[in-house]
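Notes for the one structure printed next.
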């Protein structure tokens, strides 16, 4: 069993160490939370989005006129509600006062000095060798946050039109998805998207949750608004399904990295490999429909989860691009294979850091921030080239299996389905059968010696 000690990020004002929390209290908790003790009869704002059936082109959303889909409304709603919570003093610190700079260099890594994000908490042990762990209601989860931390419910519209209700009943039975503040923000507008909150799902991506995150990116319609996901073992510390999102008004370095196309799926999703970037990963773009992109990325994420490979996801470009980044920094840390110099920085390389937004906790590291230092840290995060090729083969096996399960592909001979999508020899192994067996070696994120 591999464990590391780290300071857990406080995402809610009601979050406490389990050891400090003591035995569960009976009856109402008296803090107006989202749990059964307080939620009955509660009302929260509701943003009902219009489902987008096709991905965005240069001319806009196919099949929808811009006037029917006021994407800027969600953008202004989220920021307006976030500012309201800031004025009410719900955040642990003023993130707008944190020093930030773009580091000189080819990629333009962004450094932020955030000395308040890890204070007043003791290090806690986290298991890093199990990506899939059962939900534990006795530990902190998002049903324990205060209702004042929730900005709005986020659901698909029942009548196909965008709607906003300032006071909508909260239906526990229907398990709405909600958007809440992160009280320890990394950047302006930092929020949490919590799918189907009352189902108490563990931190694992499924097709429905990823599609919801893509819909949020499309609805916001702001290229500076990105969503991120951290699996367990890749610096998620709360085992309750959630995505994070915030605004950063410059490109992430990972968004500027060159890519090489591997293939295009039958659903029109282009899959590429990152080049000349310290962390190896895959990029998914386009698709004939938003669900095509969502399904392809979900299949890849589910493959990694089932094979116990920690990973991070970045959703960018208003939902048109998704970066998938397997990593094993936490395992290397647990095995004592990370230098003391890097450990002393206390940087936890989750999705934002891997994408190039370096959240630094010490003034010294901020003043000495350089592209070379950022590259050195992220290179330790990445899988080795050999292991990445193994993981990539697993992912493509899963995608091929899912494609061949589709009705329109199942009708075609498997040779055609295998030959057509491939564009280079590196993924020839994927074509060995219609649905190859999943062979992952060990059930761990291996550190190859």
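Between residue 132 and residue 1, full extension at 0.36 nm per residue minus the direct alpha carbon distance yields a gain of 45.8 nm. In region 33-432, one over the average inverse separation of all distinct C-alpha pairs is 21.9 Å, which is the Kirkwood hydrodynamic radius.
Quick check on region 288-398: take the gyration tensor over C-alpha atoms, sort the square-rooted eigenvalues as a ≥ b ≥ c, and tell me if it's rounded (a/c under 1.5), prolate or oblate. Verdict is oblate for region 288-398. Stretching the chain fully between residue 340 and residue 276 yields a gain of 20.4 nm (0.36 nm per residue, less the alpha carbon separation). Once the Cα-Cα distance is subtracted from the 0.36 nm per residue extended length, the residue 139 to residue 93 segment shows a gain of 14.1 nm.
Hey, can you rank 234-242, 107-115 by average C-beta count inside 10 Å, highest first?
234-242, 107-115
Using only alpha carbons, region 217-293 has a radius of gyration to Kirkwood radius ratio (Rg to Rh) of 0.98. A crude spin-label estimate for the pair residue 250 and residue 384, with each label 7 Å from Cα along the Cβ direction, gives 3.5 nm. Between residue 156 and residue 72, the modelled label-to-label distance comes to 2.8 nm, taking each label 7 Å out from Cα in the direction of the beta carbon. Three semi-axes describe the equivalent ellipsoid of region 251-345; taken as square roots of 5 times the Cα gyration tensor eigenvalues and ordered largest first, they are 28, 16, 11 Å.
Values in this text are rule-based calculations from the coordinates and carry no lab data. Since this is a predicted model, take the numbers as computed values, not measurements. Neighbour counts are summed over all protein chains in view; Cβ atoms, including those assigned to glycine, are modelled from backbone coordinates with ideal geometry.
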